[in-house]
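Q: Following this message is one structure expressed as structure tokens.
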Amino acid sequence: MQTSDARQTPQGKMPALALSALGIVFGDIGTSPLYTFKTVLGTADVPSDPATVLGALSLVLWTLFIITTVKYVSFAMRVDNDGEGGILALMALLGVKKQHRPTIVAVGLFGAALIYGDGAITPAISVLSALEGLNMATPDFQPYVVPAAVAILLALFAIQSRGTAAIGRFFGPIMLVWFVAMAVMGVWGIARHPQVFAALNPAYGLSYLVSHGLTGFLVLGAVFLCVTGAEALYADMGHFGSRPIKLSWFGIVFPSLILNYAGQAALVLEGAPTDGNIFFRLCPAPLLIPLIVLATVATIIASQSIITGAFSMTRQAIQLGWLPRLYVKQTSSEGYGQIYVGIVNWLLMVVTVGLTIVFGKSDNLAAAYGIAVSATMLMTSALLFIAMREIWGWSVLAAGAVAGCFLVVDSAFFLANLTKIAEGGYVPLLLALAIYSVMWIWHRGAAAVFARMHEQLIPVSEFMARIKAANVPRVPGTAVFLTRTESETPPVMVWHVTHNRALHEHLFVLRVEIKSTPWTSSGERLTIKEVAPNFWRAEAHFGFMERPHIPDLLAASKSLGCTVDLSDVTYYVGHETVIGREDKLGLPAWQAKLFVVMERNAVHVSDFFSLPSDQVVEIGRQVAI
């Protein structure tokens, strides 16, 4: 394993990367003060009581510290998959491609599926929270909050196909202004009631939990909203490396969040009403409208980051074999992460806009929000325990002590959020269940197809002997066969000879393997050998963050001694028409039918591997699973 710190960030680029990280990584957690503290106090029985306010603030500050600073920044970001983070990268790192570890697979996939639920709710709750500030300016805006939020969200999803590279460079500076504004407002609030810093003592939070019984437990579900973007620190680590993210967190984000939450608490302690949005009460009246505009832009940036993260995770899942091939559009040459996945974008848009209309207020959406993220964090902690044992070599006692603390904290938040299922928490759970089912059925179906295709393989020597004995004509040119077989004759080659009764003079068989690491070095990319006269067999390796391009790969084979003429190439790919088995020994009928639908709508293999369409021959065959 390489650690992310092994990828040294040049010191001169550190400030620029840290600034960029503000716009990409911290949008979600950076806009949580808009709705978190008001939701916490709204859950409490006596919201304006000093003990309640200080207890709530203490819980928020220590949650930020334990989950974000300790768990993610100090521990999780030290466990990376060749620089990449996130629950899917962590799942791949733990060897699920080479070992039969169904529990790790289930945990990783369901955690990833839950993130899609977060991706649908985050834009809705964030934009609604920002626009609800208009009610502070005048109640006349109340009827227009939801329509305005829907319009903004529709516009946000509509521009995704154009890419965000052009405006992305402004995200960081805008978020810097946002964090500075939050800090200044917080300082203004604290100056009016400095005693609020007593909440830095964790005894206030613990005392509130112990003395308020069920209400204190329910408050935990609202407190958790302050860290809903913490998973992004880990998932987006590959974009910047760990050091710029840590610099942004400790230098700007964490202090700004502490000051703003403390300022909101100080305002309530001074006697400000707890109804409405406490965040906007920190702002002087003449600056309220500019702040609402800034908050709206910040929530759009936060939403953009979540959407981009969903695209990136989709590509990882496709490459690792857990989703059907989807069309992934590269929207910019400036960065590999600038991509667009159409079906994911439009499905997220439908769900997000639907949630905005149905729930109508950020307070209502808060109930649905925390359960997805808390479940994902709980699963990340479970995988971290395994990583501490297997990667760091820690003892059971040491790994159990550290990961156990995380699991206890995460479990408390998860259980508190479970109480919100009837109030909307079912939404992300149903979304996650649907996505997990798609992943699971696709993987089972693909494995079944692979098994059926490899039931009767022919050794290369035997196949070539048959060709010679049958006097099969050899025609000029080079045939490239894509296969999943490791050594035997590719089934598509056998079908080609059976149907066309001819074979090219020069043969090149290529097997592409997607590895469980995000990147592969140029030296590991391609291995090639001649298995028979004018019959070359190659194996290509790509990381799950890379985009296979077969023509470029073949051009590189010359340097490895391949003598096949690649100027006259025809690519042969198999196209399996999947049907259900009549003997009922395969997949259950309902799974087979769903897999067939996904397989028929998946991107063609020639497009996935960037093959020139005018040089591709497709050979079909029915495969019963």
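Q: Quick check on my link table: of 13/71; 420/515; 71/420; 38/420; 329/361, which ones sit more than 28 Å apart, alpha carbon to alpha carbon?
A: Beyond 28 Å: 420/515; 329/361.
Q: Lys/Arg Cβ at +1, Asp/Glu Cβ at -1, dipole of the chain taken about the Cα centre: which of 146, 87, 19 is farthest positive-ward?
A: Checking the options against the dipole of the chain, the answer is 87.
Q: If you don't mind, there's one more thing I want to ask. Given that compact globular proteins tend to follow 2.2 N^0.38 Å, what is the ratio of the alpha-carbon Rg of segment 86-152 to that value?
A: Against the compact-globule rule of thumb, the ratio is 1.83.
Q: Taking the Cβ-Cβ separation of residue 45 and residue 65 as r and a Förster radius of 25 Å, what is the calculated FRET efficiency to the nearest 0.05?
A: E between residue 45 and residue 65, to the nearest 0.05, is 0.45.
Q: Also, I was wondering about something else. Rounded to the nearest 20 debye, what is the charge dipole size of segment 525-579 about its Cα centre when +1 sits on each Lys and Arg Cβ and -1 on each Asp and Glu Cβ?
A: 160 debye
Q: Next question, about the same structure. To the nearest 10 degrees, how steep is helix 254-269 against the longest Cα principal axis of the chain, on a 0 to 90 scale?
A: 40 degrees
Q: Next up: Show which lysines lie in cross-link reach of residue 468 when reach means a straight Cα distance below 27 angstrom and same-chain residues fewer than eight apart are skipped.
A: Correct list for residue 468: 529.
Q: Taking every alpha carbon pair in segment 227-343, what does the distance histogram look like in 5 angstrom bins from 0, in percent?
A: 2, 9, 13, 17, 16, 12, 10, 9, 6, 4, 2, 0
Q: Under 12 Å from the Cβ of residue 126, count the other residues' Cβ atoms, weight Lys and Arg +1, Asp and Glu -1, and hand me the total.
A: -3
Q: Also, quick follow-up: Give, as a single signed number, the net charge of other residues whose beta carbon lies under 14 Å from the beta carbon of residue 274, with Lys and Arg counted +1 and Asp and Glu -1.
A: Every neighbour counted, the sum reads -3.
Q: For the chain, with every protein chain kept in place, what is the accessible area per residue (1.4 Å probe, Å²)?
A: Value for the chain: 40 Å² per residue.
Q: Based on the mean of other Cβ atoms within 10 Å per residue, sort peptides 491-503, 245-257 so the most packed one is first.
A: Output ranking for 491-503, 245-257: 245-257, 491-503.
Q: One quarter of the convex hull surface, Cα atoms only: what value does that give for segment 203-282 in nm²?
A: Directional mean of the projected Cα hull area for segment 203-282 stands at 7.1 nm².
Q: What is the sum of charges around residue 52, taking Lys and Arg as +1, Asp and Glu as -1, for the other residues whose C-beta is under 14 Å from the C-beta of residue 52?
A: Taking every other residue near residue 52 into account, the sum is -1.
Q: Moving on to the next point. Would segment 148-242 count as rounded, prolate or oblate if I go by the C-alpha gyration tensor, calling it rounded below 1.5 in a/c and otherwise prolate when a/b exceeds b/c, oblate otherwise?
A: It comes out prolate by the Cα gyration axes.
Q: Throw me the Rg/Rh for segment 367-446, computed over C-alpha atoms with Kirkwood Rh, two decimals.
A: 1.10
Q: For 617, 150, 180, give me the order by solvent-accessible area with a 1.4 Å probe, most accessible first, ignoring ligands, DNA and RNA.
A: Descending accessible area places them as 180, 617, 150.
Q: Just to verify a number: FRET efficiency for residue 498 and residue 577, C-beta to C-beta distance, R0 = 22 Å, to 0.05?
A: Given R0 = 22 Å and the Cβ-Cβ separation, E is 0.85.
Q: Taking segment 285-366 as the region of interest, what is the percent of Cα-Cα pairs per 5 angstrom bin, listed from the shortest bin to the one with the maximum distance?
A: 3, 12, 15, 20, 17, 12, 11, 6, 3, 1, 0
Q: Based only on Cα atoms, what Rg/Rh ratio does the chain have, Rh being taken as Kirkwood's radius?
A: 1.04
Q: For the chain, give the share of DSSP beta bridges that are antiparallel, in percent and rounded to the nearest 5; count only bridges with both residues there.
A: Close to 25 percent.
Q: Suppose R0 equals 25 Å. What FRET efficiency, 1/(1 + (r/R0)^6) with r the Cβ-Cβ distance, do residue 203 and residue 419 give to the nearest 0.05?
A: Given R0 = 25 Å and the Cβ-Cβ separation, E is 0.50.
Q: I would also like to ask the following. Measure off, as a whole percent, the carbon and sulfur share of the 1.4 Å-probe accessible area of the chain, all protein chains present.
A: Heavy-atom surface of the chain belonging to carbon and sulfur, 1.4 Å probe: 62 percent.
Q: Something else about it: Counting only C-alpha contacts under 8 Å and six or more residues apart, can you give the relative contact order of segment 39-193 as a whole percent?
A: Rounded, it is 9 percent for segment 39-193.
Q: I would also like to ask the following. Using only the alpha-carbon atoms, what does segment 493-625 span along each of its principal axes? Please give whole angstrom values in decreasing order.
A: 49, 41, 27
The values are calculated or read from the model by the stated rules, or taken from the named source; none is laboratory data. For clarity, every value in this text was computed on a predicted model and none was experimentally measured. Using ideal geometry, Cβ is built from the backbone for each residue, glycine included, and neighbour counts are taken over all protein chains shown. Keep in mind that these areas ignore ligands, DNA and RNA; they rest on the heavy atoms of the full protein, side chains included. Shrake-Rupley method; radii C 1.70, N 1.55, O 1.52, S 1.80 Å.
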